[in-house]
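What follows is a short report on a single structure.
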Amino acid sequence: MRYAAAVAAAAVVTGVLAPAAVPSLGATAHAARTDLPATLDTRALQTSTVQVPVPAGVDPRWVTGALTVADGARGTVLLLVDGRVVRSAAARPWQRVALPVGRDDVGPDGTVSLGVRFRPEGERTGCRPLEPYDVRLTNLALLHQGTERVDLDPARFLPAAASRVDVVVPREASDDVLSAGLAAVAALAARYPAGVPVGLTTADVVLPRTGAGQRVLRISPGPTTAEPTAEVRFGLPSLTVTGSGDELRSAVLDLIGEDAADAEDTATGTRPEAEPGSTVTRTLAELGARAADAELSGYGRTASLLRIRQDAFGGPVDRLDLSLAGAHTSVPTGSQARLDTYLDDRLVDSRTLGDGGTFAVETSVPGSRLASTAELELVLTAVPEDGCTAGTLLPLEVQLDRDDSALSAEVAGGPDAGLEAFPQVLAGRLPVALRGGEAARTAAAADAAQVVASLQRAAAYPLEVGLVSPEALLADGPGLLVGATWADTVAAGARLRPDTDGPRGAALQAAGDDEAPLLVLGTLGARSGVLRTWVAEQTARDGWDGLTGDALVSDGGAARPLVALDPRAVPGEAAQDVPDLAPDGEGRSYVGWFAAGIVVLLLLLGLQLAATLRRRAARAPGTAAPRGSATSVSGSAPRP
């Protein structure tokens, strides 16, 4: 729980200022804006902090965002900068917020520490409410003065805080360049947190501007690997790497480095090499739990949440054994206290606390009940003898031993079906296969890069990404196939197959078998290339943890998941039509109805125009009469 939950709480931080305190974004005093990771979540009942990177050379003034607090939440939010409370404000369902920051708040590591604590009503009397309140902050941005100081030394080119990173390749890139580009996207996605766009594009595309922290990594073919060069090109800091073969890929990865994003679920150490049926044990500390995540205190309800990726155990989990150890203070006479343990919102253990001492939680959970990223939540509920209006209350505290508390996973022999089986089934390796030639192949790589970035950010460790042939991938798996042909989908056992005579559509679907699970991204109908890109982009935008079912499909509207595709729906080797994905509500795609309405409208206008012209022609003097009328044009006298 480092970057996302911590920053998420900082989300709350920025959020509770009154609207009047929000600066005008058009004011000349705050001329520059840098986007920060866009969506943050926290279950705010305790103090949470986050380190917000500030681009070198700029003078920070505000962090802005949109804050939402769960309905019914009543209380006050305390806002902290560098550990000190700078403001407090009442919680609201939604508000646009801003937190003042200054140059003096930037630490030696180039970050500003933001913190938040939600104080519910009644806490002043010694109790917190028994219901948690979720807080969400979106559209974070840093407003600042000055211009970023860009370090053009290739070894220090990538900043600690990035707003966007594009990997640029030639429009008809070679496989060497594409392989290096996809590996670069994975490494950058591991280095920078979700919310920082990372992708692959071509040199003929005009890149959007996001402000300070934006970088471009250009990969070009060459006979030998040359020294990388950095420059400001078209107003954007750009680093160019030239070469071929494995040396080009290695040079790119060396420049990016192995720094991982400070995410809340970042596992430490090396990836375990696990065989099916083996048992892998990781401590809470190794799974990324911080000291603050292992402490609960106070009366009422307090909770701590830790996200656990199956990928951290080296593969899909068949069974998970929890062995939690800790200690607690004595519960005062007459008071009551209980410690509950939840895994993915299911209660797996509950115990009453009494005299001070140690405690242990021992329980097992089948892998079928675990999400790809499981949520382990500890909840302390305590009620004092005389209620929350009592006077002085003795402190009550529970501490988990992060080094002694461990989770043991039995690695499954075969993955569960569906998109949720990834990335854990990859076991750290992500081979990518592309169909198409020249520019079409590069476009397939750009779509693949979106899926690669999404998978990497869902993985506990960096993925080893490389380019392989479609035939090799279909034979060995697991991996990602982009631009699949009809024959490819048959070989992979994919249940949605392209039909050039069918409706427009595109899908990312789970295919293959237990030995070689595959992800297949491709079109399902004619003229559907843009839909394939939409599906790929949605995986990166929404995050892999948000995907469910067997496939993510678009028929022209927003991509939607399909659950439990029935293989019997595919008769023999015939293609299955794209199902009607339009929901009943306001999410329905009206593109077809709109186009039909335009056609009908144009037809009515044409008929009206024709009728008007006929009437005018009939009334105009000297106009030829219709055939059979009393006056004939041929019988009229010629004009002198």
Fill in the blank from the handout: Checked the range 78-89 for anything open to solvent by 60 Å² or more (accessible area, probe 1.4 Å) and not in a loop (DSSP other than H, G, I, E, B); matches are R84, V85, R87, S88
Practice task
Could you please let me know if A360 is out of contact with any Cys (no Cβ under 8 Å at 6 or more places or on another chain), modelled with pLDDT under 90 and on the phi < 0 side of the Ramachandran plot?
Solution key: no
Handout entry: Filter result for R191 (in contact (Cβ under 8 Å) with a residue 12 or more places away in the chain and within 19 Å of the chain's Cα centre (by Cα))
Key = yes
Handout entry: G483 being at pLDDT 90 or above and under 13 Å from S528 (Cβ atoms)
Key = yes
Practice task
Select from the range 352-377 the residues that are open to solvent by 70 Å² or more (accessible area, probe 1.4 Å) and over 35 Å from the mean Cα position of the chain (by Cα) and write down the one among them that is farthest from A285 (Cα to Cα).
Solution key: D355
Fill in the blank from the handout: Contact list, first residue from the range 61-77 and within 13 Å of A89 (Cα to Cα), second anywhere and open to solvent by 40 Å² or more (accessible area, probe 1.4 Å) and among the basic types (K, R), beta-carbon distance below 6 Å, six or more apart or interchain, is G75/R119; T76/R119
Exercise for the section: Could you check G502 against (1) open to solvent by 10 Å² or more (accessible area, probe 1.4 Å); (2) under 21 Å from D246 (Cα atoms) and say which number it fails? Expected result: (2)
Exercise for the section: Tell me, please, whether a residue that is aliphatic (A, V, I, L, M), within 24 Å of the chain's Cα centre (by Cα) and at pLDDT 90 or above can be found in the range 229-241. Expected result: no
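Looking at E410, E471, which is the one that is among the charged types (D, E, K, R) and either within 25 Å of A285 (Cβ to Cβ) or open to solvent by less than 30 Å² (accessible area, probe 1.4 Å) (or both)?
Working: E471 fails: either within 25 Å of A285 (Cβ to Cβ) or open to solvent by less than 30 Å² (accessible area, probe 1.4 Å) (or both).
Sole residue among the options that is among the charged types (D, E, K, R) and either within 25 Å of A285 (Cβ to Cβ) or open to solvent by less than 30 Å² (accessible area, probe 1.4 Å) (or both): E410.
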Completion exercise
For the range 484-499, the count of residues that are surrounded by fewer than 24 Cβ atoms within 10 Å (Cβ to Cβ) and among the small types (G, A, S) equals 3
Exercise for the section: Return the pairs, sorted by first residue and then second, in which the second residue is among the aromatic types (F, W, Y) and surrounded by 21 or more Cβ atoms within 10 Å (Cβ to Cβ), the first residue lies in the range 395-412 and is in contact (Cβ under 8 Å) with a residue 40 or more places away in the chain, the beta carbons are less than 7 Å apart, and the residues are 6+ apart or on different chains. Expected result: L396/Y299; A409/F313; V411/F313
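Take P395 and decide whether it is crowded, with 22+ Cβ neighbours inside 10 Å, assigned to a loop (DSSP other than H, G, I, E, B), modelled with pLDDT under 85 and at negative phi. I'd like the intermediate steps shown before the answer.
On the way: crowded, with 22+ Cβ neighbours inside 10 Å: no; assigned to a loop (DSSP other than H, G, I, E, B): yes; modelled with pLDDT under 85: yes; at negative phi: yes.
No, not satisfied.
Could you check the range 156-166 and list, in sequence order, the residues that are touching an Asp or Glu at 6+ places or on another chain (Cβ under 9 Å) and either part of a helix (DSSP H, G or I) or among the polar types (S, T, N, Q) (or both)? Quick ask: steps written out before the conclusion?
To start, the set of residues in the range 156-166 that are touching an Asp or Glu at 6+ places or on another chain (Cβ under 9 Å) comprises 157-160, 163-164.
Within the range 156-166, S163 is the sole residue that qualifies.
Looking for something within 24 Å of E295 (Cα to Cα), in contact with a strand residue (DSSP E or B) (Cβ under 6 Å, 6 or more places away or on another chain), modelled with pLDDT under 75 and open to solvent by less than 20 Å² (accessible area, probe 1.4 Å) - is there at least one such residue anywhere in the range 21-28? Before the answer, list the steps.
Going residue by residue through the range 21-28, those that are within 24 Å of E295 (Cα to Cα) are none.
No, the conditions are met nowhere in the range 21-28.
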Practice task
Determine if the range 271-280 includes at least one residue that is at pLDDT 90 or above, in a strand (DSSP E or B), more than 22 Å from P159 (Cα to Cα) and open to solvent by less than 40 Å² (accessible area, probe 1.4 Å).
Solution key: yes
Handout entry: Residue check, L531 outside any loop (DSSP other than H, G, I, E, B), open to solvent by less than 40 Å² (accessible area, probe 1.4 Å), within 15 Å of L562 (Cβ to Cβ) and of a type in the set (A, V, I, L, M)
Key = yes
Problem - Residue among A56, A4, A44 that is at pLDDT 55 or above, under 30 Å from R541 (Cβ atoms) and in contact with an Asp or Glu (Cβ under 8 Å, 6 or more places away or on another chain) - result: A56
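Looking at this structure, is A460 within 26 Å of P276 (Cβ to Cβ), of a type outside the set (S, T, N, Q) and surrounded by fewer than 23 Cβ atoms within 10 Å (Cβ to Cβ)? Don't jump to the end; show me each part of the working.
Values: within 26 Å of P276 (Cβ to Cβ): yes; of a type outside the set (S, T, N, Q): yes; surrounded by fewer than 23 Cβ atoms within 10 Å (Cβ to Cβ): no.
Considered against the rule, which asks whether it is within 26 Å of P276 (Cβ to Cβ), of a type outside the set (S, T, N, Q) and surrounded by fewer than 23 Cβ atoms within 10 Å (Cβ to Cβ), A460 comes out as no.
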Problem - Residue list for the range 331-347, restricted to those being open to solvent by less than 30 Å² (accessible area, probe 1.4 Å) and free of Cβ contacts under 8 Å to residues at least 60 places away in the same chain - result: A337, L339, D340, T341, L343
Handout entry: Tally of residues being surrounded by 13 or more Cβ atoms within 10 Å (Cβ to Cβ) and in a loop (DSSP other than H, G, I, E, B) across the range 378-390
Key = 3
Practice task
Filter the range 145-165 down to residues that are more than 14 Å from P53 (Cα to Cα) and polar (S, T, N, Q) and give me whichever is most open to solvent (accessible area, probe 1.4 Å).
Solution key: T147
Problem - L508 in a strand (DSSP E or B), surrounded by 23 or more Cβ atoms within 10 Å (Cβ to Cβ) and in contact with a Phe, Trp or Tyr (Cβ under 9 Å, 6 or more places away or on another chain) - result: no
Fill in the blank from the handout: The residue that is modelled with the lowest pLDDT, considering only those in the range 104-140 that are basic (K, R) and outside any loop (DSSP other than H, G, I, E, B), is R124
Practice task
Mind listing whichever residues of the range 287-319 are under 24 Å from V398 (Cβ atoms), of a type in the set (V, I, T) and either buried (at least 24 other Cβ atoms within 10 Å of the Cβ) or out of contact with any strand residue (DSSP E or B) (no Cβ under 9 Å at 6 or more places or on another chain) (or both)?
Solution key: I308
Handout entry: Residues (touching a Gly at 6+ places or on another chain (Cβ under 7 Å) and at pLDDT 95 or above) located in the range 161-172
Key = D166, V167, V169
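The values are calculated or read from the model by the stated rules, or taken from the named source; none is laboratory data. Predicted, not measured: the structure shown is a model, and the values here were computed from it. Using ideal geometry, Cβ is built from the backbone for each residue, glycine included, and neighbour counts are taken over all protein chains shown. Calculation scope for accessible area: heavy atoms of the full protein, side chains included, ligands and nucleic acids excluded. Shrake-Rupley method; radii C 1.70, N 1.55, O 1.52, S 1.80 Å.
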